[in-house]
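Notes to accompany the following structure.
Any read-out appearing in this document is the output of simple, stated calculations on the displayed coordinates, not a laboratory observation. Because the structure is predicted, anything quoted here is derived from the model rather than measured. Glycine gets a Cβ as well: all are built from the backbone with ideal geometry, and neighbour counts include every protein chain shown.
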Amino acid sequence: MKRRSQAFPNRGGGDRGAVTAEFALILPSVVMMAVLLLCLVRGATASMGCQDAASAAARQVVALESSIRSGGGYAPGADPEAVAGKTAHAIAGEGATVSTHVDAGRIEVTVQCPVLPDSFGFLPVNVHGSAVGIAS
């Protein structure tokens with residue numbers, strides 16, 4: 001019977017530490033991809049929240065305008081811009097900027113939301129969401 005060292009003559013030779021070197025080269029790439037993925041998810045989440053805020057604000061302004069057209073009149077504090085701003089800020093946060101344009105029953109609400117900057121500068125500083133509603 002041969003001794004173990006004779007059965008595997010290359011064991012412990014020039015390949016020692018190769019896995020460590022390969023891991024050291026691959027690990028930064030994996031970490032960079034994970035960070036990039038997290039940044040993209042954060043940007044997409046902020047964009048969806050901004051769009052949701054614009055949609056909800058447009059729905060509230062449409063409801064207000066429909067109430068006014070049906071003879072309900074303005075309620076105290078029922079300014080369309082104030083209603084849109086309050087609704088959008090409740091959903092997107094206080095840092096959101098809201099603009100409302102009402103023209104002959106067509107309501108357009110645009111919301112601009114800040115995104116926390118990432119360390120690589122991949123994400124935009126602001127994302128936009130807009131919605132249009134028709135008051136009946």
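Here the Karplus relation 6.51 cos²θ - 1.76 cosθ + 1.60, evaluated at θ = phi - 60°, turns the backbone of the stretch 125-136 into coupling constants of 6, 10, 10, 10, x, 9, 8, 10, x, 10, 7, 9 Hz, with x for every Gly and Pro. Does a label point 7 Å from the Cα of Thr97, set along Cα-to-beta-carbon, have any residues of the stretch 48-69 with amide nitrogen under 19 Å, and which are they? Answer for the stretch 48-69: 48-55, 57-58. Legend: ranking of residues Leu38, Leu64 from fewest to most surrounding C-beta atoms inside 10 Å; resulting order Leu38, Leu64.
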